1. Where in the range 285-398 are there helices (runs of 4 or more DSSP H), lying fully within it, with 3 or more residues that are over 24 Å from Leu127 (Cα atoms) and not β-branched (Val, Ile, Thr)?
2. Please go through the range 268-282 and pick out each residue that is surrounded by fewer than 21 Cβ atoms within 10 Å (Cβ to Cβ) and either at pLDDT below 95 or in contact with a Leu (Cβ under 9 Å, 6 or more places away or on another chain) (or both).
3. Looking at the range 12-47 only, could you name the residues that are among the basic types (Lys, Arg) and modelled with pLDDT of 85 or more?
4. Is it true that Ala98 is in the same structural domain as Gly184 (by TED's automatic domain parsing), at pLDDT 50 or above and closer than 22 Å to Gly34 by Cβ?
5. Looking at the range 250-257, can you tell me whether even one residue there is surrounded by 24 or more Cβ atoms within 10 Å (Cβ to Cβ) and β-branched (Val, Ile, Thr)?
6. Output yes when any residue across the range 210-221 is in contact with a Phe, Trp or Tyr (Cβ under 6 Å, 6 or more places away or on another chain), at pLDDT 95 or above and more than 24 Å from Gly39 (Cβ to Cβ), and no when none is.
7. Among all residue pairs at least 6 apart or on different chains, which show Cβ distances below 8 Å where the first residue, located in the range 301-327, is closer than 18 Å to His277 by Cβ and the second is not in a helix (DSSP H, G or I)?
Amino acid sequence: MAIRRDALAARREALGFTQETLAQELGVELSTTGRWERGTLTPQPWRRPDLAKLLKVSLDDLDILLNPPGSKIATGHASATRCEVMVDAALLTGVIAADHMLGTRSEEPLRRHRTTLSSASARVADLHRKYQAAHYGDVARRLPEVNAAVDALVADGPARKRREALGLQCSVAIVAAKLATKAGDGEEGWAAAERAREAAESAEDTFGLAAAAYQRACALLRADNGEIAEQIAVSAAAELRGQDPQCATWRGALTLISAVIAARRNDFAAAGERLDHADALARRLGADGNIGWTAFGPTNVLIHRTSVAVALNDPRGALATAEQLDITALPVGLNGRQAQFHLDSAWAHAQLTEDPQAVIHLLETERVAPELVRANPNARSLIEGLLARERRRDVPALRGLALRGLALRAGVAA
């Protein structure tokens, strides 16, 4: 049972912070600070120095505030229940009313239909497909109930099938981690990825551990902790030594995220070396695939080359790579990856003040993944920048109309 951290709340109030203003100072969601004080989530280690500084306490004193007498909260780990992680992931998308979700959890528990491993597996696979198609709202609505069904299989299912059920539990947590990180909350993404890691360890699932490592790295990157994210991705990739397609796929996926991390710290050489390594692995596979819901293959490597160029602030390099891409070569349904390609291309054209081309790519992003445009802060920022330029110059009426319509649909003030 979670123990409220009343002393932590009192310290915050004594320094004049509300939960909202403290969240803003730390760059986290309002729900995160509330859960810290309710005792259902523990700040991750990389958050604590900033939190201690704001509260004007030492790290040792902060540890006392986080672990009141009688608390069973582990200092180094997120303590959110799996249900809370799923609910928060759904709330972060902004597509489900909070009172409905909280009512589902506390007043009318999710119904646990008797289910089989095969039917649960199909439902989990459907979540992954919908996520890759960028149907984030639908995923958020379905996620808590699917999670409850899988948890029931782990708890009450046949002992001989428990390992398979744990594999599904890992896979559901991966979806929750993706959803939270996509919505911009690294804390929630990390908590869900840790749940995935725990389930994969219990199942002795090598590739589940690889998937959890990938999502932990993504969550840390979202939380601006690239150093630890890079360590996790590089270490996890090095542990996969097999020559089979699954090993090659997961090593490739982890190498790609480590290339992006290297680019974000402006290490051009490391980013290029990792991209080349991933490309060699993709060519060994011989085709674009979707093993483990990674979409890993030659086309995905080129998409990441474009993203690396963006991270290195190289718009011409991004466009040169984009010209090599046949986005239609991706397996059907990978709308999110297609949208990322168009979003990166829009950024590159905007950097070169090629606004008509930027607007075309933004409209294409919206066509294939409308929810991504509304949720992605980079997309919204790009639209805002183009709008500001449009106001300062005489632009063709049609382009200006298209841009303002796009801004309206994305929730950006036109």
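1. 298-311, 315-322, 335-351, 355-368, 377-392
2. Residues of the range 268-282 surrounded by fewer than 21 Cβ atoms within 10 Å (Cβ to Cβ): 268-270, 272-273, 276-277, 279-280.
Selection gives Phe268, Asp279.
3. The initial filter retains those residues of the range 12-47 that are among the basic types (Lys, Arg), namely 12, 35, 38, 47.
Answer for the range 12-47, where residues must be among the basic types (Lys, Arg) and modelled with pLDDT of 85 or more: just Arg12.
4. no
5. yes
6. Looking through the range 210-221, at least one residue is in contact with a Phe, Trp or Tyr (Cβ under 6 Å, 6 or more places away or on another chain), at pLDDT 95 or above and more than 24 Å from Gly39 (Cβ to Cβ).
7. Leu302/Gln324; Leu302/Leu325; Ile303/Leu325; Thr306/Leu325; Leu312/Asn266
The values are calculated or read from the model by the stated rules, or taken from the named source; none is laboratory data. Predicted model, so just to flag it, every value in this text is computed and none were measured. Here Cβ is always computed from backbone atoms with ideal geometry, including for glycine, and neighbour counts include all displayed protein chains.
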